[in-house]
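The values are calculated or read from the model by the stated rules, or taken from the named source; none is laboratory data. Note that this is a predicted model, so its numbers are computed, not measured. Glycine also receives a Cβ, built like all others from the backbone with ideal geometry; neighbour counts cover every protein chain displayed. Note: accessible area is taken over every heavy atom of the protein model, side chains too, but ligands, DNA and RNA are not part of it. Shrake-Rupley method; radii C 1.70, N 1.55, O 1.52, S 1.80 Å.
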Amino acid sequence: MDRIPILRMGSFLLVTIQVDMHDQLAMTLQDDLSAKISETSAKGVLIDISALDVVDSFIGRMIGMISGLSRIMDAETVVVGMQPAVAITLVELGLTLSGVSTALDVERGMKLLRERVQSQ
Amino acid sequence: MSTPRSGTYAIRSEQDVVLGRQAVRKLAQECGLRLVDQTKLVTAVSELARNAVIYGGGGDMDWTIVEEGARKGVQLVFRDTGPGIADLKQAMTDGWTSGTGLGLGLAGAKRLVDQFEIQSAPGQGTRVTITKWN
Ligand SMILES: Nc1ncnc2c1ncn2[C@@H]1O[C@H](COP(=O)(O)OP(=O)(O)OP(=O)(O)O)[C@@H](O)[C@H]1O
Ligand SMILES: [Mg+2]
């Protein structure tokens with residue numbers, strides 16, 4: 001796989017991150033996502049990490065990158081599906097994901113985004 | 001025939017980092033580490049293996065199943081023959097990076113395992129030994 005799929009769900013975009021991330025893929029995703037946000041005028045981005053049984057500083061940096069990019073383009077970001085063991089590990093690793101909201105699953109993430117967008 | 005208690009994986013590329021993580025996950029399960037501890041160990045592996053690839057120009061990961069009384073654990077040694085680290089104290093500080101990272105790898109890996117030892121000097125490569133017990 002040489003691209004991370006970006007799915008459109010109404011006025012939101014869904015990015016599903018798989019295990020084998022590397023630098024090139026992260027760069028491509030950055031480009032693809034900014035193009036997609038402007039093309040669709042998306043108001044929110046959901047990052048699904050439920051497939052990840054490990055989140056390290058590299059993935060953490062990428063999540064931060066996506067959320068920063070979304071913010072610049074006036075869209076909100078929610079990380080969904082973080083496994084409990086991963087969440088506990090992230091705290092000890094020291095990765096705070098500051099400014100990034102989380103939700104248990106895609107459905108709840110969509111709800112959160114809808115509320116956010118409406119209250120704007 | 002007994003299963004091997006130690007071995008070595010080459011860590012030369014991003015793909016090797018992924019394979020290293022998978023291998024250590026299996027070892028951790030064999031040693032009876034609970035899920036959270038498996039995840040902590042594998043996350044530390046990801047950090048140290050990636051450092052070996054990015055900064056060390058590639059290296060090796062030695063693994064050993066260690067036993068102490070009734071306890072079992074996984075001990076790993078990440079070694080490379082790269083440029084080494086001049087200021088270890090600085091490198092071990094949260095948030096310090098010489099590149100584009102978050103500077104969390106070394107300090108974070110230390111917090112995630114039970115034992116952590118780093119040896120490095122300019123021109124002499126880097127060697128990090130970690131152990132996680134069940
Ligand atoms: N194997 C190594 N060989 C040489 N230098 C290293 C090695 N490992 C780490 N370093 C140095 O120590 C610094 C800190 O490493 P650390 O893993 O904590 O952060 P990082 O790799 O810069 O960022 P992150 O791991 O958060 O993506 C690195 O920026 C690098 O300069
Ligand atoms: Mg690192």
query = B:TRP63 versus (1) part of a loop (DSSP other than H, G, I, E, B); (2) open to solvent by 20 Å² or more (accessible area, probe 1.4 Å); (3) away from every other protein chain (no Cβ under 14 Å): which is the lone unmet condition?
reply = (1)
ask   = Can you tell me how many residues in segment A:60-84 are open to solvent by 10 Å² or more (accessible area, probe 1.4 Å), hydrophobic (A, V, I, L, M, F, W, C) and within 14 Å of chain B (Cβ to nearest Cβ)?
value = 2
request  = May I ask you to say which residue of A:SER34, A:SER57, A:SER38, A:SER50 is within 13 Å of another protein chain (Cβ to nearest Cβ) and either hydroxyl-bearing (Ser, Thr, Tyr) or away from ligand 1 (no atom under 16 Å from the Cβ) (or both)?
outcome  = A:SER57
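Residue-by-condition table, conditions (1) open to solvent by less than 30 Å² (accessible area, probe 1.4 Å); (2) more than 14 Å from every other protein chain (Cβ to nearest Cβ):
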{"residue": "B:ALA23", "(1), (2)": "yes, no"}
{"residue": "B:LEU27", "(1), (2)": "yes, yes"}
{"residue": "B:LEU41", "(1), (2)": "yes, no"}
{"residue": "B:VAL74", "(1), (2)": "yes, yes"}
{"residue": "B:ASP87", "(1), (2)": "no, yes"}
{"residue": "B:GLN90", "(1), (2)": "no, yes"}
inquiry  = With the requirement that a residue be within 8 Å of ligand 1 (Cβ to nearest atom) and in contact with a helix residue (DSSP H, G or I) (Cβ under 8 Å, 6 or more places away or on another chain), what does segment B:104-123 give you?
reply    = B:LEU104, B:GLY105, B:LEU106, B:GLY108, B:ALA109, B:SER120
query = Does A:LEU29 satisfy the criteria of being buried (at least 21 other Cβ atoms within 10 Å of the Cβ) and not in a strand (DSSP E or B)?
reply = yes
inquiry  = With the structure loaded, tell me whether B:GLU30 is at pLDDT 95 or above and among the acidic types (Asp, Glu) or whether it fails that test.
reply    = yes
inquiry  = Pull out all pairs, ordered by first then second residue, where Cβ-Cβ is under 8 Å, the residues are six or more apart or on different chains, the first lies in segment B:103-127 and is within 9 Å of B:GLY84 (Cβ to Cβ) and within 13 Å of ligand 2 (Cβ to nearest atom), and the second is at pLDDT 95 or above and of a type in the set (D, E, K, R).
reply    = B:THR126/B:ARG79; B:THR126/B:ASP80
message = Looking for something touching a residue at least 12 places away in the same chain (Cβ under 8 Å), away from chain B (no Cβ under 14 Å) and among the aromatic types (Phe, Trp, Tyr) - is there at least one such residue anywhere in segment A:11-18?
response = yes
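Name the residues in segment B:1-21 that are of a type in the set (A, V, I, L, M, F, W, C), more than 11 Å from chain A (Cβ to nearest Cβ) and in contact with a helix residue (DSSP H, G or I) (Cβ under 7 Å, 6 or more places away or on another chain), would you?
Quick first cut of segment B:1-21, residues of a type in the set (A, V, I, L, M, F, W, C) only: B:1, B:10-11, B:17-19.
Cutting the leftovers down to more than 11 Å from chain A (Cβ to nearest Cβ) gives us B:1, B:10-11.
Within segment B:1-21, B:ALA10, B:ILE11 qualify.
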key: In segment A:33-59, the residues that are crowded, with 22+ Cβ neighbours inside 10 Å and under 22 Å from A:GLN120 (Cβ atoms)   = A:LEU33, A:ALA42, A:GLY44, A:VAL45, A:LEU46, A:ILE47
request  = Report, by residue number, each residue of segment B:70-90 that is closer than 14 Å to B:LEU48 by Cα and assigned to a strand (DSSP E or B).
outcome  = B:GLN75, B:LEU76, B:VAL77, B:PHE78, B:ARG79, B:ASP80
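Would you tally the residues in segment B:96-108 being open to solvent by less than 50 Å² (accessible area, probe 1.4 Å), more than 7 Å from chain A (Cβ to nearest Cβ) and either charged (D, E, K, R) or out of contact with any Phe, Trp or Tyr (no Cβ under 7 Å at 6 or more places or on another chain) (or both)? Walk me through how you get there before you give the answer.
We begin by selecting, within segment B:96-108, every residue open to solvent by less than 50 Å² (accessible area, probe 1.4 Å); these are B:97, B:99, B:101, B:103-108.
Filter once more, so that each one left must be more than 7 Å from chain A (Cβ to nearest Cβ): B:97, B:99, B:103, B:106.
With either charged (D, E, K, R) or out of contact with any Phe, Trp or Tyr (no Cβ under 7 Å at 6 or more places or on another chain) (or both) added as a condition, the list becomes B:97, B:99, B:106.
Of the residues in segment B:96-108, 3 are open to solvent by less than 50 Å² (accessible area, probe 1.4 Å), more than 7 Å from chain A (Cβ to nearest Cβ) and either charged (D, E, K, R) or out of contact with any Phe, Trp or Tyr (no Cβ under 7 Å at 6 or more places or on another chain) (or both).
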